[in-house]
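The values are calculated or read from the model by the stated rules, or taken from the named source; none is laboratory data. None of the values given here were measured: they were computed from a predicted structure. For neighbour counting, all protein chains shown are included, and Cβ atoms are generated from backbone atoms with ideal geometry for every residue, glycine included. Accessible surface is based on the protein model in full, side chains and every heavy atom, while ligands, DNA and RNA are left aside. Shrake-Rupley method; radii C 1.70, N 1.55, O 1.52, S 1.80 Å.
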Amino acid sequence: MSPALPKLSVTAPDQATRIDTILAHVLDAAAIGMLVCDMNGVVKYANTAVKTMLGDIARPNLGTALADLVHDDDGAAVFLQIQRLLRGEAASYRGEHQFRHDDGSSLWVLVAASVLHADPNDGGPCVIIQITSIDRQKAAEAALAFSESRLNFALESARQGVWDHDIRTDTMFYSRMWRVMRGIPPDEDVDGDQAKWLSRIHPDDVQYVLDNVARQDRGDDDFDALEYRERKRDGSYVWILSRGKPVEWDEAGNAVRTLGTDTDITQLKTVELELAAEKERLRITLESIADGMISTDAGGHVVFMNPAAEVLTGFSSQKAMGRPVRDVFPLFDGESGERQRCPVSQCLETGQVAFLDGDLVLVGPNGIERDIRCTASPVKMATHALAGVVL
């Protein structure tokens, strides 16, 4: 039975009755769930849409209370809001809550409630509640939240800081890990102003960043990533590898939003710099020793010659590079003048050190002869595979 509605200003009782009947049918046919409760929270009316959503749990005139329809997790919240309506502290209420289905499952609904102040002769004031199912929306939100949580967890585990640059408003978003790698508290707001960002970049890297950050925003195909040093809160510097590309464009095809990640590569850079320094020390050492040294690959081709070897062979490093070592280091017997086998070939075949200390002559391209002795030693990798030879 529909609730009593306010009296209509009509003179014909039959017409009023007919309108009441039409309104009752409209309410019952509405796609939105309609509930009417008295001031004690007892359900007096539930249209078909409510019964479709909740099942037979909504039983008007059988003492069913609104609290019986609300899930236990939301019962207190809904009750408090309805009480505010009844006390006149609010004209209406709107919120998202879980209602209970007759089969015991829960259903997310959008609740809109207000008090209808009817004449006492028509039953007095009552609470009108509209409910709309948002269960699918909530399921989609939960799935999206789970997906985002999984992505954020993966990025956090990989220590990837995420940034988002809105070029239209020149505003920046920074993730928690982005802050952590810079020593900034995770919940602290960070001003994305470019001048303030540049003030934290190492002075030696500022110009490089200025020359390339616009290329990153444009998404240039021939640009890979930015590598620069940024000052942390404790005053030390962290090496940043920043990768990003546009994800939104305007009607003219201009990038308006760029998304990317920052990675802390300080440890890699430290190792890289240490290796570079070690390589430089080794180069200086090899160039300083008086003995000639030639290094080859596993195929016996020259990959390195020190200055002493250039003098002894008569070949410059540039001309010798990539050539078979036997062409650069031709050996002859001092008595017979016969061409001798290159010790590098012997070393490559046996994997053992080859030492030559007889009457050997090295003849350079200019015809100069030098009496020499030489040792060819194998260079092996950690897997014991032969990588080359040092002569």
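At-a-glance table
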{"read-out": "Filter result (surrounded by 15 or more Cβ atoms within 10 Å (Cβ to Cβ) and of a type outside the set (Gly, Ala, Ser)) within region 33-47", "value": "Met34, Leu35, Val36, Cys37, Asp38, Val42, Val43, Lys44, Tyr45, Asn47"}
{"read-out": "Scope region 68-84; condition of a type in the set (A, V, I, L, M, F, W, C) and either surrounded by fewer than 17 Cβ atoms within 10 Å (Cβ to Cβ) or not in a helix (DSSP H, G or I) (or both); matching residues", "value": "Val70, Ala76, Ala77, Phe79, Leu80"}
{"read-out": "Region 50-60, subset farther than 14 Å from Ile128 by Cβ and outside any loop (DSSP other than H, G, I, E, B), residue modelled with the lowest pLDDT", "value": "Ile57"}
{"read-out": "Every residue from region 334-353 that is part of a helix (DSSP H, G or I) and either in contact with a strand residue (DSSP E or B) (Cβ under 8 Å, 6 or more places away or on another chain) or crowded, with 16+ Cβ neighbours inside 10 Å (or both)", "value": "Pro343, Val344, Ser345, Gln346, Cys347, Leu348"}
{"read-out": "Checking Arg326 against (1) assigned to a strand (DSSP E or B); (2) over 46 Å from the mean Cα position of the chain (by Cα), the condition it does not meet", "value": "(1)"}
{"read-out": "Region 182-198: number of residues that are assigned to a helix (DSSP H, G or I), open to solvent by less than 70 Å² (accessible area, probe 1.4 Å) and not aliphatic (A, V, I, L, M)", "value": "1"}
{"read-out": "Unmet criterion (only one of (1) free of Cβ contacts under 8 Å to residues at least 60 places away in the same chain; (2) out of contact with any helix residue (DSSP H, G or I) (no Cβ under 6 Å at 6 or more places or on another chain)) for Ala90", "value": "(2)"}
{"read-out": "Where Ala290 falls short, out of the listed (1) touching a residue at least 60 places away in the same chain (Cβ under 8 Å); (2) surrounded by fewer than 11 Cβ atoms within 10 Å (Cβ to Cβ); (3) of a type in the set (Gly, Ala, Ser)", "value": "(1)"}
{"read-out": "Qualifying residue in region 217-234 (condition: in a helix (DSSP H, G or I), charged (D, E, K, R) and in contact (Cβ under 8 Å) with a residue 40 or more places away in the chain)", "value": "yes"}
{"read-out": "Subset of region 317-333 (residues that are open to solvent by 50 Å² or more (accessible area, probe 1.4 Å) and farther than 15 Å from Leu362 by Cβ)", "value": "Gln318, Lys319, Met321, Arg323"}
{"read-out": "Unmet criterion (only one of (1) out of contact with any Phe, Trp or Tyr (no Cβ under 8 Å at 6 or more places or on another chain); (2) more than 30 Å from Arg229 (Cβ to Cβ)) for Ile284", "value": "(2)"}
{"read-out": "Failed condition for Val311, given (1) modelled with pLDDT of 90 or more; (2) touching a Leu at 6+ places or on another chain (Cβ under 9 Å); (3) of a type in the set (A, V, I, L, M, F, W, C)", "value": "(2)"}
{"read-out": "Selected residue [out of contact with any Ser or Thr (no Cβ under 8 Å at 6 or more places or on another chain), loosely packed, with under 14 Cβ neighbours inside 10 Å and modelled with pLDDT under 90] from Asp204, Asp170", "value": "Asp170"}
